[in-house]
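Structure first, commentary second.
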Amino acid sequence: MEERKLWLDAVEFFRNDIDSKINCPTCKTGTLFTIDVAFEIENSDKGGERYIKCTHCNALEIVLYRKPPNNWFSKNDVE
Ligand SMILES: [Zn+2]
C-alpha cells in the first residue's frame with residue numbers, strides 16, 4: 001500500500017533528521033511532527049515510543065525504539 005510505505009518513509013526521515021518537513025501521507029494536507037515518550041521518564045536512553053502525528057487530520061504512527069536514534073528527545077520542547 002502506497003500510504004503505508006510513505007508512513008514508513010516518514011519514520012526513517014525523522015530518524016535521520018528530526019526537522020524533516022513531511023506531508024501527511026494520509027490527508028496530504030497537514031505536515032508531520034514528532035513527540036518522543038520514554039518508557040521510564042528518568043531513563044530516557046532506555047527507549048520508548050515516538051509518536052508521529054499530523055497537524056491537520058488524526059493520523060498517527062507510533063514507533064517503538066528499544067535503542068533510540070541519535071535525535072531521540074531532541075524535539076520534546078514542542079509539546
Ligand atoms: Zn493528515
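A short reminder: the numbers here are calculations on the coordinates, not readings from a lab. Predicted, not measured: the structure shown is a model, and the values here were computed from it. We place every Cβ from the backbone using ideal geometry, glycine too, and count neighbours over all the protein chains shown.
A few comments on the model shown:
- Annotation: for a label point projected 7 angstrom from Cα along Cα→Cβ of LYS67, residues of segment 11-47 with backbone N closer than 14 Å are 46-47.
- Whole-angstrom Cα spans of segment 4-79 along principal axes, big to small: 36, 23, 18
- Over the chain: helical MRE at 222 nm, DSSP H runs n ≥ 4 each giving -39500 (n - 2.57), nearest 500: -6000 deg cm²/dmol
- Considering only alpha-carbon pairs that sit under 8 angstrom and 6 or more positions apart, the relative contact order computed for segment 2-71 is 26 percent.
- Axis of helix 2-16 versus longest Cα principal axis of the chain: the two differ by about 40°, to the nearest ten degrees.
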